[in-house]
Ligand code: 5GP
Ligand code: MN
């Protein structure tokens with residue numbers, strides 16, 4: 001497969017590169033890292049995110065190049081950090097099948113012509129960092145900064161249970177190429193706008209807990225009250241996951257289009273990706289999500305009932 005990918009990349013003249021809606025650190029780091037590596041190799045590149053780039057990533061090299069739709073013809077379509085086509089939004093409607101999909105979700109639906117999917121990788125950006133030299137792309141300082149952002153994002157700063165020595169070695173290599181760990185850590189994981197903190201407050205007020213299942217909701221009204229400009233959870237899920245004594249955390253975020261974004265996190269031994277998959281979403285054993293059509297109340301009821309089934313008769317002592 002490496003040869004096939006090297007050939008595809010070397011023949012490409014003009015690349016459209018896409019990742020998912022409500023982009024997180026890995027989607028952004030992978031998109032910018034690959035986009036810049038291809039640009040530096042002399043290709044024309046369009047880096048496309050339907051929801052654009054959240055402000056806190058504006059310090060990254062290449063951030064000013066991100067566009068919200070495909071604006072001109074291209075010969076090669078690549079999707080990164082996305083397990084199904086729907087998750088790219090509407091930007092690929094009417095386009096041919098992607099030529100290449102690079103991802104690390106175990107629920108990936110193999111929707112590309114070539115699918116490079118490594119579920120044990122901590123981040124799509126970690127796959128790219130390892131594979132760029134094999135595929136003939138250079139990891140320079142700018143590319144390294146973007147890829148380290150992706151790894152930090154999906155491992156929440158090296159602290160998820162899937163962290164392993166190889167992932168730390170990859171991160172160390174990226175630092176040696178010039179990526180500034182402290183700055184990236186500060187800007188993408190630690191620093192919070194006042195709006196984000198207010199938005200967290202709305203979610204924290206509504207916390208519910210029953211037998212190891214912890215959940216809360218964020219409504220459109222909460223978002224307006226907090227003046228929070230994005231349509232995601234502002235990483236509240238990571239804060240909720242710091243709770244002691246839980247099996248599964250679920251966060252429900254009401255969306256403007258009659259949908260609800262649901263995020264699951266679980267403790268070791270409980271695979272929430274299957275529940276997410278049943279609702280049309282996907283993810284990893286310990287972290288999964290879905291975009292579900294329906295009112296907030298209905299989705300909460302349905303999702304909690306399915307999630308309780310997954311927990312069976314586990315009880316917190
Ligand atoms: P989060 O809950 O932080 O949005 O995402 C947790 C994990 O589930 C991430 O790996 C993310 O890519 C995946 N995920 C979240 N939402 C969706 C979705 O709507 N569809 C799919 N296929 N995966 C999702
Ligand atoms: Mn990822």
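Structure data summary
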| read-out | value |
| --- | --- |
| Helical mean residue ellipticity (222 nm; -39500 (n - 2.57) per DSSP H run of 4+; nearest 500) of the chain | -11000 deg cm²/dmol |
| The range 23-179: relative contact order as a whole-number percent, Cα under 8 Å and 6+ apart | 27 percent |
| Nearest 10 degrees, 0 to 90: helix 2-11 Cα axis against the chain principal axis | 60 degrees |
| Length-normalised contact order for the chain - Cα pairs under 8 Å, 6+ apart - percent | 13 percent |
| Extended-chain gain in nm, criterion 0.36 nm per residue less alpha-carbon gap, residue 206 and residue 243 | 11.9 nm |
| The range 37-89-the range 134-180 distance, computed between alpha-carbon centres (Å) | 19 Å |
| Cα long-axis angle, helix 25-40 against the chain (0 to 90 degrees, to the nearest 10) | 10 degrees |
| DSSP-defined beta bridges in the range 117-272 - what % are antiparallel, rounded to 5 | 60 percent |
| Overall form of the range 53-129 per C-alpha gyration tensor (a/c, 1.5; a/b vs b/c) | oblate |
| P(r) of the range 194-311 over all Cα-Cα pairs, binned every 5 Å from zero, in whole percent | 2, 12, 24, 26, 21, 11, 4, 0 |
| Ranking of 82, 146 by count of other Cβ atoms within 10 Å, fewest first | 82, 146 |
| Proxy reagent accessibility, fewest Cβ within 10 Å first, across 295, 30, 266 | 295, 266, 30 |
| Mean-position separation - Cα centroids, the range 195-251 and the range 262-317, in angstrom | 15 Å |
| Least to most buried among 130, 138 (fewest other Cβ within 10 Å first) | 138, 130 |
| Cα-Cα P(r), the range 2-189, percent of pairs per 10 Å interval | 10, 43, 38, 9, 0 |
| Percentage, to the nearest whole number, of Cα pairs in the chain over 29 Å apart | 34 percent |
| The chain - share of DSSP beta bridges that are antiparallel (%, nearest 5) | 45 percent |
| Average Cα contact separation per residue, the range 181-311, under 8 Å, 6 or more apart, as relative contact order % | 17 percent |
| Angle in degrees between helix 124-135 and the longest Cα principal axis of the chain, rounded to the nearest 10 | 20 degrees |
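All of the numbers you see were taken from the coordinates with simple rules; none came from a lab. Since this is a predicted model, take the numbers as computed values, not measurements. When we count neighbours, we look across all protein chains shown, and the Cβ atoms used for this are built from the backbone with ideal geometry, even at glycine.
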